[in-house]
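Peer 1: Just dropping this structure here.
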Amino acid sequence: MASSESKLSPPVGEETFPSDHEPATKKPKLDGSNITRIDHTLPSKTEEKENCRENLDEETHRGQHVGEDSEVATKTNQSRPIASDTQRPREEESVQLLESSSQEGALEEQKSKCPAGVVLLAGEYNWDICGRQKSSKDSKKNLLKEPLWVFHRVKDLEGIRVQKVVSHCTAAHNILITDQGQALAWGRNDKGQLGVGDTVKKDHPQPILDLKNFTVIDAACGKSHTLVLTESGDVFGFGENKLGQLGLGNENPVVQTPTKIQFDDGPVKKVACGGQFSLMVNSKGALYSFGCPEYGQLGNNTDGKYFVSANRMAFHCELRPIQVKIFIDKMQNGIIIPVKGVRIADIACGTSHSVAVDTEKRVFTWGFGGYGRLGHNETKDEHVPRLVKGFVGLHKGVKKVFAGSIFSLAIGESGGLFLWGQTRRAGEANMYPKPIQDLYGWNILDVGCGYSSIVVAADESVISWGPTPAYGELGHGERQKSSSVPKEVGYMDGLNVHSVTCGICHTLLIARDETEEDHKKLEALPVFKP
């Protein structure tokens, strides 16, 4: 039951941090028996009717065709091989000549931040129908496949240590990065988003052979497109590109193999993908965007709309990376002032909104504002990055940000996890950042954001929650497919999970496998054989 405090929301333009107290020294037990509901503020029906224009992905229920394409007219604005029946021969290790000394230790730095481990999978693995309405065209074999209701080890990945797992709240495909910097692709591939040279789904992880001579350190997935970042700071894109979301300077609908983005302001240190757009950050902390601008999610002060005819609207898509130069703060009286000296440290993208934190630990959000996902206590779209007032003040900064389909999350510099937006379509919404009280006292390591589910790695536990319908991505088992409150995944207790990513209906984790105790706990988990 929501507390009475939740009924008192701050006035527009004066978002306040709801709690300044330090995290509890004792972690609460998250078994559902002692959990209070998270505070929420619900926008009025009139406000939502005027301001909350959902795109195709967000208007459609998860059981419907979330993955179908919207018809949008556009105008130019100018290691080691995996275990499988057919293994490719071992390739000679290639040596990359780095352009700057700051990039030389990129792989080692990545390893220190994210130690390699074993991949665990839960949720829907039937990639062709994941997030889509089942139809008569689906084979009987596909329809009979049961989701993985608990976390499994993956047979194909035995003996392969993975550094990072990447997916997206709108995606049914995954990119895995091994400890040797090799990129593996897995899942839906109808737009070539796996980068393996075809459009056939892959039930088994496949190496991206065109990247074999590069050391991959990061990646990002959108709805049907992918970006890969190499050790030298170059970015390669593949998958759907009809709205310019690959940044290649054209609108070729499908790009089946990795293609380098021409970018003169590199090296790039961070990439992120939204539903149909992308973001990049270079080594100087400058932010760049490209793709569909429909709700202002590119941060270039426009939604790109123009009329093709009297009753047909289209969008000026950005086909190459453009720098986002304006960051603002909005006062209570409506006066807008620029925020200077912004150097971006971390970025995240939802379906149609963007979140960033700078080196001074300030948070900026922009794009689609429906259901409070931008955290400004209003549902207005923002066309340039706007400062989130809730994180301004002593010890109120943010270390890392995350984005789901219609919600956002942040880890505070003093600890704690903060949520704004909506995780239940028929439920209430947080219009500004509020702490998840049940997670005080936990050391938050990583967060995965699905379509409406949240999975958290904290200490030596996995905590997850999300509304129905859920497809096993929470990992609680078939008897509890959903949870309205944070709950520990009991059988995972004691496993050191340090990396989490969620797709539209599935979750991937990386668990430590260094000690004998680690091996015992991992061997107790079932094995998934595609």
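Peer 1: Keeping every protein chain present and rolling a 1.4 Å probe, give me the accessible area per residue for the stretch 438-530 in Å².
Peer 2: 34
Peer 1: Take the alpha-carbon centre of the stretch 266-336, take the same for the stretch 208-223, and report the distance between them in whole Å.
Peer 2: Value for the Cα centre distance between the two parts: 24 Å.
Peer 1: Measuring with a 1.4 Å probe in the full set of protein chains, what accessible area per residue, in whole Å², belongs to the stretch 199-291?
Peer 2: 29
Peer 1: Something else about it: Could you sort the peptides 389-398, 257-266 by per-residue average Cβ neighbour count (10 Å cutoff), highest mean leading? Present the calculation step by step, with values, prior to reporting the outcome.
Peer 2: Numbers: 389-398: 17.7, 257-266: 16.2.
So the peptides 389-398, 257-266, ranked by packing, come out 389-398, 257-266.
Peer 1: Based on Cβ point charges of +1 for Lys and Arg and -1 for Asp and Glu, what charge dipole magnitude is obtained for the stretch 312-465 about its Cα centre, in debye rounded to the nearest 20? Each step should come with its number before you reach the end.
Peer 2: Values: 18 positive and 14 negative charges, 111 e Å.
Here the size comes out at about 540 debye.
Peer 1: Looking at this model, which pairs from 242/481; 223/434; 145/400; 284/400 are more than 30 angstrom apart at the alpha-carbon?
Peer 2: 242/481; 145/400
Peer 1: Output wanted: per-residue J couplings in Hz (rounded whole) for the stretch 329-334, from phi through Karplus 6.51 cos²θ - 1.76 cosθ + 1.60, θ = phi - 60°, x for Gly and Pro.
Peer 2: These are the phi-based 3J(HN,Hα) values: 10, 10, 7, 4, 7, x Hz.
Peer 1: If you plug each phi of the stretch 307-320 into the Karplus form 6.51 cos²θ - 1.76 cosθ + 1.60 with θ = phi - 60°, what whole-Hz ³J(HN,Hα) values come out, in order, with x for Gly and Pro?
Peer 2: 8, 7, 8, 4, 10, 10, 10, 9, 9, 7, 8, 8, 8, 10
Peer 1: Pull out the extension gain between residue 484 and residue 264, defined as 0.36 nm times the separation in residues minus the alpha carbon to alpha carbon distance; nm, one decimal.
Peer 2: 74.5 nm
Peer 1: How would 499, 484 rank on accessible area, largest to smallest, probe 1.4 Å?
Peer 2: The ranking, largest first, comes out as 484, 499.
Peer 1: Which residues' amide hydrogens lie under 5 Å from the amide hydrogen of residue 201, considering only partners 5 or more residues apart or on another chain, with H built in the peptide plane?
Peer 2: Those qualifying (amide H under 5 Å, at least 5 residues apart or on another chain) are 189.
Peer 1: If you place +1 on the Cβ of every Lys and Arg and -1 on the Cβ of every Asp and Glu, how big does the dipole about the Cα centre of the stretch 377-462 come out, in debye to the nearest 20? Could the numbers behind the result be given before it?
Peer 2: On the way: 9 positive and 9 negative charges, 56 e Å.
Computed charge dipole of the stretch 377-462: roughly 260 debye.
Peer 1: Can you check what the net charge comes to around residue 287, using other residues whose Cβ is under 15 Å from the Cβ of residue 287 (Lys, Arg +1; Asp, Glu -1)?
Peer 2: +3
Peer 1: For the peptides 349-356, 421-428, what is the packing order when you average, over each peptide's residues, the other Cβ atoms within 10 Å and list the highest mean first?
Peer 2: Result, highest mean first: 349-356, 421-428.
Peer 1: In addition: With all protein chains present, how much of the accessible area of the stretch 166-282 (probe radius 1.4 Å) comes from carbon and sulfur, to the nearest whole percent?
Peer 2: After summing per-atom areas, the C and S share lands at 40 percent.
Peer 1: Let me ask something else. Cα gyration tensor of the stretch 413-456, axes a ≥ b ≥ c as square roots of the eigenvalues: rounded (a/c below 1.5), prolate (a/b > b/c) or oblate?
Peer 2: The shape class here is oblate.
Peer 1: Still on this structure, please answer the following. Shape call for the stretch 430-530 from the C-alpha gyration tensor, a ≥ b ≥ c root eigenvalues: rounded (a/c under 1.5), prolate (a/b greater than b/c) or oblate?
Peer 2: Taking the square roots of the gyration eigenvalues as a ≥ b ≥ c, the stretch 430-530 is oblate.
Peer 1: Would you mind classifying the stretch 213-301 by shape? Square roots of the alpha carbon gyration tensor eigenvalues, ordered a ≥ b ≥ c; an a/c under 1.5 is rounded, otherwise it is prolate if a/b is larger than b/c and oblate if not.
Peer 2: oblate
Peer 1: In square angstrom, rounded to the nearest 10, how much accessible surface does residue 514 have for a 1.4 Å probe?
Peer 2: 120
Peer 1: Right, here's the next one. Count the net charge of all other residues whose Cβ sits under 14 Å from the Cβ of residue 226, scoring Lys and Arg as +1 and Asp and Glu as -1. All intermediate terms of the calculation are to be shown ahead of the outcome.
Peer 2: Values: positive: 164, 188, 191, 202, 223, 260; negative: 190, 210, 218, 240.
Result for the neighbourhood of residue 226: +2.
Peer 1: ³J(HN,Hα) across the stretch 199-207 via Karplus (A = 6.51, B = -1.76, C = 1.60, θ = phi - 60°), whole Hz, x for Gly/Pro?
Peer 2: Each residue's phi maps through the Karplus curve to give 10, 9, 4, 10, 7, 10, x, 10, x Hz.
Peer 1: What dipole magnitude, in Debye to the nearest 20, does the stretch 188-296 give about its Cα centre under +1 on Lys/Arg Cβ and -1 on Asp/Glu Cβ? Before the final figure, lay out each step's value.
Peer 2: Values: 11 positive and 12 negative charges, 39 e Å.
Dipole of the stretch 188-296, to the nearest 20 debye: 180 debye.
Peer 1: When ranked by the protection proxy of mean other Cβ atoms within 10 Å per residue, highest first, what sequence do the peptides 449-462, 206-219, 168-181, 185-198 form? Don't skip to the end; give the middle numbers.
Peer 2: Working: 449-462: 24.9, 206-219: 20.9, 168-181: 26.4, 185-198: 23.1.
Packing order, densest peptide first, comes out as 168-181, 449-462, 185-198, 206-219.
The values are calculated or read from the model by the stated rules, or taken from the named source; none is laboratory data. Note that the structure is a prediction, hence the values are computed from the model and not measured. Glycine gets a Cβ as well: all are built from the backbone with ideal geometry, and neighbour counts include every protein chain shown. Ligands, DNA and RNA are stripped out before the accessible areas are found, and what is left, the full protein with its side chains, is counted by its heavy atoms. Shrake-Rupley method; radii C 1.70, N 1.55, O 1.52, S 1.80 Å.
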